[in-house]
1. Which number in (1) part of a helix (DSSP H, G or I); (2) surrounded by 16 or more Cβ atoms within 10 Å (Cβ to Cβ); (3) more than 14 Å from the ligand (Cβ to nearest atom) marks the one condition that Val79 misses?
2. Please enumerate the residues belonging to segment 1-15 that are over 21 Å from Leu295 (Cβ atoms) and either open to solvent by less than 40 Å² (accessible area, probe 1.4 Å) or without any contact (Cβ under 8 Å) to a residue 60 or more places away in the chain (or both).
3. Which residues, taken from segment 304-322, are more than 15 Å from the ligand (Cβ to nearest atom) and within 25 Å of Val228 (Cβ to Cβ)?
4. Test each condition in (1) outside any helix (DSSP H, G or I); (2) open to solvent by 30 Å² or more (accessible area, probe 1.4 Å); (3) away from the ligand (no atom under 16 Å from the Cβ) for Val278 and report the one that comes out false.
5. Could you run through segment 239-274 and say how many residues are within 15 Å of the ligand (Cβ to nearest atom), assigned to a loop (DSSP other than H, G, I, E, B) and small (Gly, Ala, Ser)?
6. What are the residues in segment 168-209 that are more than 18 Å from Asp308 (Cα to Cα), of a type in the set (Ser, Thr, Tyr) and surrounded by fewer than 16 Cβ atoms within 10 Å (Cβ to Cβ), if any?
7. Can you pull out every residue in segment 139-159 that is closer than 18 Å to Met55 by Cβ and either more than 11 Å from the ligand (Cβ to nearest atom) or free of Cβ contacts under 8 Å to residues at least 24 places away in the same chain (or both)?
8. Determine, yes or no, whether Glu43 is of a type in the set (Asp, Glu), more than 16 Å from the ligand (Cβ to nearest atom) and touching a residue at least 12 places away in the same chain (Cβ under 8 Å).
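The values are calculated or read from the model by the stated rules, or taken from the named source; none is laboratory data. Source: prediction; values computed, not measured. Cβ placement follows ideal geometry from the backbone for every residue including glycine, while neighbour counts extend to all protein chains displayed. Ligands, DNA and RNA are stripped out before the accessible areas are found, and what is left, the full protein with its side chains, is counted by its heavy atoms. Shrake-Rupley method; radii C 1.70, N 1.55, O 1.52, S 1.80 Å.
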Amino acid sequence: MTRRAVVAGLGTYVPQKVLTNQDLEQIVDTSDEWIVSRTGIKERHIAEPGETTSMMAAKASVRALADAGLVAEDLDFIVCATNTPDTIFPSTAARVQHQLTSKPIPGVDVQAGCTGLIYGMEMASALIQSGSYRNVLVIGADKLTSITDYEDRTTAVLFGDAAGAFVLQGREDTGRGILASYLQADGRGEDLLVQPAGGSKLPASAETVAARQHYLKMNGNETFRFAVKAMPEAVEEGLKKAGLGVEDMTLLVPHQANLRIIDAAVRRFELDPSRVVVNIDRYGNTSVATIPVALQEAREQGRVHDGDVVVLCAFGAGLTWGSNVIRWGR
Ligand code: UT7
């Protein structure tokens, strides 16, 4: 019998502090009307200055472990998807391990833009299927507000902070778990969504800081055009790899970057809104955390059932895009 990675637990953490569109009207030249009509966002949660990505990740992880009925010492591996690590090194995965337990656990960060969580799930699934690891924690955590330029209205209104974590567990194949994943990256889009300074290409200096190059920069129009094509491709190709079609998909959990991008996918597939999870209005774009936070809300609303085909799909910097197709159930 083959082994499969089953979702044994899911937990999320969202900081308490809320930044509304009205608050942003006081900071940049924008309006609630523009933000809602162009993005669907009404408010987002933001972390306190001292609250790091790893702290949010650890809080989500504790909840995911409790949901799985496990303790940190049961974990065999930690995969942490993030674009805003506490520091470029050491990894956020190692920092989370340290916050969870004194027992060493192997761990690594995955950086694939907002698609990082999808990559992390597939990598964890492969580790489990190899037979070398049983319980793998997959985290998606980002503090995007730490690299958001609040003098740039084209990006300042979009982002929030959050974390989510899945406990994936290797089980004999019962038809439940991650059925297939579809992953893509194309570096021709490297300049569309980028943090220009702070890496080997443009090390941080007084000049880069003065030029505000340590903040995220985005070509919104081009990214939007890419996303409208990438999301449906990821859904269709992921389902195809699982031997399924769009008609078999019970619930779509798309990356929450812009309501208009989600709506385009809904129209393309002629989906009933009850089959798509949307919560961008209350959280904005929290990067790798949007999917676990949205999925957890759907679970709490009783929208996820044993045997459902749940499709997670995302796109982001790189450019990257991809999907995980999961048959829900433990
Ligand atoms: O997960 C990461 C992936 N990122 C994304 O998915 C983002 C994808 N892109 C988008 O979501 C959209 O492109 C944005 C929401 C970023 C922008 O929406 P848009 O409809 O593409 O607007 P635009 O950039 O074409 O700008 C339209 C107008 C411009 O004014 P003019 O030149 O027409 O006078 C902008 O200057 O809206 C202006 N504008 C704003 N006005 C008020 C841009 N940002 C704002 C703002 N408030 N915050």
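1. Unmet for Val79, out of (1) part of a helix (DSSP H, G or I); (2) surrounded by 16 or more Cβ atoms within 10 Å (Cβ to Cβ); (3) more than 14 Å from the ligand (Cβ to nearest atom): (1).
2. If we filter segment 1-15 for residues that are over 21 Å from Leu295 (Cβ atoms), which is where we start, we get 1-3.
Of everything in segment 1-15, nothing turns out to be over 21 Å from Leu295 (Cβ atoms) and either open to solvent by less than 40 Å² (accessible area, probe 1.4 Å) or without any contact (Cβ under 8 Å) to a residue 60 or more places away in the chain (or both).
3. To start, the set of residues in segment 304-322 that are more than 15 Å from the ligand (Cβ to nearest atom) comprises 304-311.
Answer for segment 304-322, where residues must be more than 15 Å from the ligand (Cβ to nearest atom) and within 25 Å of Val228 (Cβ to Cβ): Val309, Val310, Val311.
4. (3)
5. Within segment 239-274, the subset within 15 Å of the ligand (Cβ to nearest atom) is 253-265.
Then drop every residue that is not assigned to a loop (DSSP other than H, G, I, E, B), which leaves 255-258.
Now narrow it down to the ones that are small (Gly, Ala, Ser): 257.
Number of matching residues: 1.
6. The answer is Ser200, Ser205, Thr208.
7. Ile139, Gly140, Ala141, Lys143, Thr145, Ser146, Ile147
8. Working: of a type in the set (Asp, Glu): yes; more than 16 Å from the ligand (Cβ to nearest atom): no; touching a residue at least 12 places away in the same chain (Cβ under 8 Å): yes.
Spelling it out, it is not the case that Glu43 is of a type in the set (Asp, Glu), more than 16 Å from the ligand (Cβ to nearest atom) and touching a residue at least 12 places away in the same chain (Cβ under 8 Å).
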